[in-house]
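The structure appears right after this line, and notes come after that.
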Amino acid sequence: NAGAETSLESVLESLLAELADDKNKKINLIKRCGLDDFLWEQLRIHFGYISETPGVKDFVIDLFESCYAISLKEKTRLSQNALVFLNRWKDNVHHQNAFRALSEYCANILNIESKLQKQDIHSLAEVDYFELIDKKILSCLVHQVAERTISSGDCSNLIWRRRSTHWYKDFKHIYQAIDKGSQFLAALDKSDLRMQSLPDGIHKYIKNWYQLDQFYRKFIYHLRASNQTTLLQPLTELVENLYTNNYLLKVNNNWQQFIDTSQVWAAAPIVRQDQFFNHWVGELQNNHVKVAVVISDALRYEIAQELTKLIEEERRFTAQIEPMLGMLPSYTQLGMAALLPQGGVSLDRDGVAHVQGQSTQGTKNRAGILDSAIEGGATALRSSDLLSMSRDESRTMVKNHQVIYIYHNQIDATGDKLGTEERVFDAVEESLEELVDIFKKLDNANLSNILVTADHGFIYQHQTLDESEFANTDVQGQEIFRHNRRYVLGKGLVPDSSVKLYQAADLGLIGDFEVAIPKSINRLRSKGSGSRFVHGGASLQEVIIPVIKINKARTGEIPIVEVDIISSSSSIITTGQLSVALYQEEPVSAKLQSRKLRVGIYTQNDELISNVHDLNFDFTSENHREREVRVRFILSTKANKMNKQDVYLKLKEREPGTSRYTEYKSRAYKLRRSFTSDFDF
């Protein structure tokens with residue numbers, strides 16, 4: 001009966017924990033009490049365990065060997081009930097150390113590494129009894145993706161199926177690096193990098209091309225986090241080479257052609273950065289609405305696009321993203337000044353920006369410019385100061401000001417230093433979390449209208465730059481005010497084929513000076529500064545600035561994606577296993593949330609008679625085939641009493657804030673007695 005089975009499993013778990021610690025006190029006690037024969041008989045009845053030399057170590061070897069065989073649909077000594085027990089044992093957080101120790105021991109005894117050589121990785125998709133299985137899958141995936149012998153959809157689907165397996169969290173960053181690398185390659189294959197004008201280039205970037213920068217950033221982030229550069233090297237070399245030569249250089253060379261033929265820096269109807277206040281803040285001001293402007297230094301468009309998704313996942317906000325054309329040169333002082341209320345920006349010989357003759361350097365100066373320009377008061381502060389405020393302090397600040405500028409600086413602060421530039425994508429991940437915390441803080445302070453933007457974007461290439469990525473000559477001129485890897489300020493600058501020259505007025509700036517911008521993604525040589533993370537130039541990644549409009553959402557506004565059980569030709573179960581196809585109806589997006597389900601086979605009285613799968617349906621692919629997954633269920637011996645009766649495949653959802661699950665969908669199946677041939681009792 002069920003009680004006896006549960007009691008046996010508890011005894012087994014205790015004995016396995018002792019074996020993992022290389023102890024034998026409990027099993028010796030059983031032997032002294034003369035209960036060992038009874039124990040082996042119970043293991044025979046419940047699991048089909050028979051041995052000439054029965055013992056806990058002998059049983060555990062049989063257990064791992066049989067469960068591995070069952071998962072591969074091979075013949076086995078133990079019954080399928082053994083697999084149900086092993087799954088339950090390994091998934092119990094209290095027994096994971098014991099499971100891992102005994103798994104490693106059995107893998108060596110059973111020569112699993114050798115046996116895995118002949119296995120196709122797709123047959124191993126849901127098998128997770130040995131750590132070597134993950135290593136096998138990962139090694140094969142790296143080479144298959146790099147050699148282009150697996151589609152991006154099939155790669156993502158396989159990794160999705162691994163997410164609920166035991167060792168996934170240990171190898172998460174390797175799986176994700178492979179997935180993002182595969183998605184980058186697939187997106188590049190589909191990309192036409194041609195454009196018809198500057199506005200057309202911006203439109204195509206925000207629609208499609210930004211994904212290439214995003215996939216590359218995610219690939220590099222997970223590559224670094226995995227600490228597995230040797231394993232991932234074949235894929236890394238391919239991605240790095242294609243990102244630089246077939247995407248970043250190519251798209252910006254095409255973009256440069258239109259820059260070269262333009263007289264002034266503009267891309268109408270795209271709003272230029274110096275019109276930000278009038279266009280976005282002014283609109284809210286005219287409606288007497290309080291607004292917070294969060295400016296995250298170097299928050300380039302593709303990062304803001306991910307941030308927009310994260311905001312909407314919170315469900316307490318709605319978010320819309322638009323592009324804005326950044327000022328040239330694209331550096332912090334000028335970008336920050338352009339976002340203020342103003343009648344024009346000028347630059348001094350040190351590159352410090354002034355608005356109406358007042359320096360915009362530092363938060364205090366910017367707060368003064370804002371307060372004097374806005375009726376009802378305005379202020380500026382650093383994000384760290386906001387986050388350290390109490391709720392009452394933040395609400396008082398909101399109450400006393402119509403406009404609040406909040407400055408966040410983590411991405412640029414990390415990337416702009418030679419010693420830390422390689423950590424810039426780590427800083428992006430941290431920034432995304434911090435920014436969401438800032439929005440929640442503002443929401444709790446009763447401020448429901450938020451604008452998010454940046455001073456500039458950036459280019460980052462993780463690999464060491466080739467000599468060809470530096471300009472052939474340096475910029476010469478009568479006077480050089482400021483020299484950077486991506487721009488030069490001065491007077492009497494000498495024209496050169498490697499740079500684009502502008503007069504200040506051509507860029508919408510006040511003053512008698514010139515600006516030289518290296519073409520495409522080329523860098524100027526500059527001692528002591530990093531060369532992989534750069535900004536200041538006119539590449540798409542540097543000058544397409546995001547503007548995100550955030551508002552408080554009405555509750556329940558974002559629907560959850562539907563998941564269907566795909567009907568098979570038969571609704572009869574004749575073996576101890578059932579394979580079912582589940583289908584996510586639409587791609588998950590900012591307007592459609594993922595659905596988390598617990599799936600298993602149950603009796604009419606809701607008693608579980610199989611293993612369970614916890615699945616998160618969050619596929620984003622437009623390809624319907626890539627949103628279909630097949631899941632296999634192993635029936636326990638409890639199913640035997642349900643012969644010739646209906647059982648139910650149930651898809652369940654957790655009730656928010658509880659540990660309870662309610663039924664989402666179900667499908668009835670009829671059990672036939674022939675399935676008992678799978679059990680050895």
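The values are calculated or read from the model by the stated rules, or taken from the named source; none is laboratory data. Note that the structure is a prediction, hence the values are computed from the model and not measured. Cβ coordinates were reconstructed from backbone atoms using ideal geometry, including for glycine residues, and neighbour counts include every protein chain displayed.
Tabulated data for the structure shown
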| quantity | calculated |
| --- | --- |
| Residue identified as part of a helix (DSSP H, G or I), within 29 Å of Ala581 (Cα to Cα), modelled with pLDDT of 95 or more and charged (D, E, K, R) among Asp189, Asp179, Asp213 | Asp179 |
| Search result, residues across region 118-150 that are over 13 Å from Leu72 (Cβ atoms) and either modelled with pLDDT under 95 or of a type in the set (Asp, Glu) (or both) | Glu131, Asp134, Glu147 |
| Segments classed as helices (runs of 4 or more DSSP H), wholly inside region 220-327, with at least 1 members that are under 27 Å from Leu432 (Cβ atoms) and not assigned by TED's automatic domain parsing to the domain that holds Asp437 | 229-241, 249-260 |
| Scan of region 399-420 for residues that are touching a helix residue (DSSP H, G or I) at 6+ places or on another chain (Cβ under 9 Å), surrounded by fewer than 19 Cβ atoms within 10 Å (Cβ to Cβ) and in a helix (DSSP H, G or I), ordered by number | Ala413 |
| When residues of region 335-356 are limited to those that are touching a residue at least 24 places away in the same chain (Cβ under 8 Å) and assigned to a helix (DSSP H, G or I), the one surrounded by the fewest Cβ atoms within 10 Å (Cβ to Cβ) | Met336 |
| Single unsatisfied condition, Val563 versus (1) buried (at least 20 other Cβ atoms within 10 Å of the Cβ); (2) under 25 Å from Asp274 (Cα atoms) | (2) |
| Any hit, region 488-504, residues being within 28 Å of Tyr407 (Cα to Cα) and surrounded by 19 or more Cβ atoms within 10 Å (Cβ to Cβ) | yes |
| Unique residue being among the small types (Gly, Ala, Ser) and on the phi > 0 side of the Ramachandran plot when the list is Gly326, Gly362, Gly335, Gly343 | Gly362 |
| Selected residue (criterion: nearest to Lys250 (Cα to Cα)) from residues of region 192-202 that are surrounded by fewer than 17 Cβ atoms within 10 Å (Cβ to Cβ) and touching a residue at least 40 places away in the same chain (Cβ under 8 Å) | Arg194 |
| From Gln144, Gln176, residue being under 24 Å from Phe617 (Cβ atoms), crowded, with 18+ Cβ neighbours inside 10 Å and assigned by TED's automatic domain parsing to the domain that holds Leu242 | Gln176 |
| Single match in Ala367, Ala380 (criterion: assigned to a strand (DSSP E or B) and either modelled with pLDDT under 95 or over 22 Å from Glu542 (Cβ atoms) (or both)) | Ala380 |
| Ile50 being in contact with a Lys or Arg (Cβ under 7 Å, 6 or more places away or on another chain) and loosely packed, with under 15 Cβ neighbours inside 10 Å | yes |
| Out of Ser156, Ser164, sole residue that is polar (S, T, N, Q), touching a residue at least 60 places away in the same chain (Cβ under 8 Å) and not in a helix (DSSP H, G or I) | Ser164 |
| Condition met for Phe439 (over 23 Å from Ala353 (Cβ atoms), surrounded by 17 or more Cβ atoms within 10 Å (Cβ to Cβ) and either in the same structural domain as Glu306 (by TED's automatic domain parsing) or under 24 Å from the mean Cα position of the chain (by Cα) (or both)) | yes |
| Given (1) touching a helix residue (DSSP H, G or I) at 6+ places or on another chain (Cβ under 9 Å); (2) at negative phi, number of the condition Lys527 does not satisfy | (1) |
| Residue identified as over 14 Å from Pro329 (Cα atoms) and either surrounded by 15 or more Cβ atoms within 10 Å (Cβ to Cβ) or in contact (Cβ under 8 Å) with a residue 24 or more places away in the chain (or both) among Ile480, Ile510, Ile545, Ile521 | Ile480 |
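Yes/no per residue for (1) farther than 24 Å from Val515 by Cβ; (2) acidic (Asp, Glu); (3) in contact with a helix residue (DSSP H, G or I) (Cβ under 9 Å, 6 or more places away or on another chain):
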site: Ile220; (1), (2), (3): yes, no, yes
site: Asn253; (1), (2), (3): no, no, no
site: Trp265; (1), (2), (3): no, no, yes
site: Ala268; (1), (2), (3): no, no, yes
site: Glu283; (1), (2), (3): yes, yes, no
site: Arg300; (1), (2), (3): no, no, yes
site: Ala304; (1), (2), (3): yes, no, no
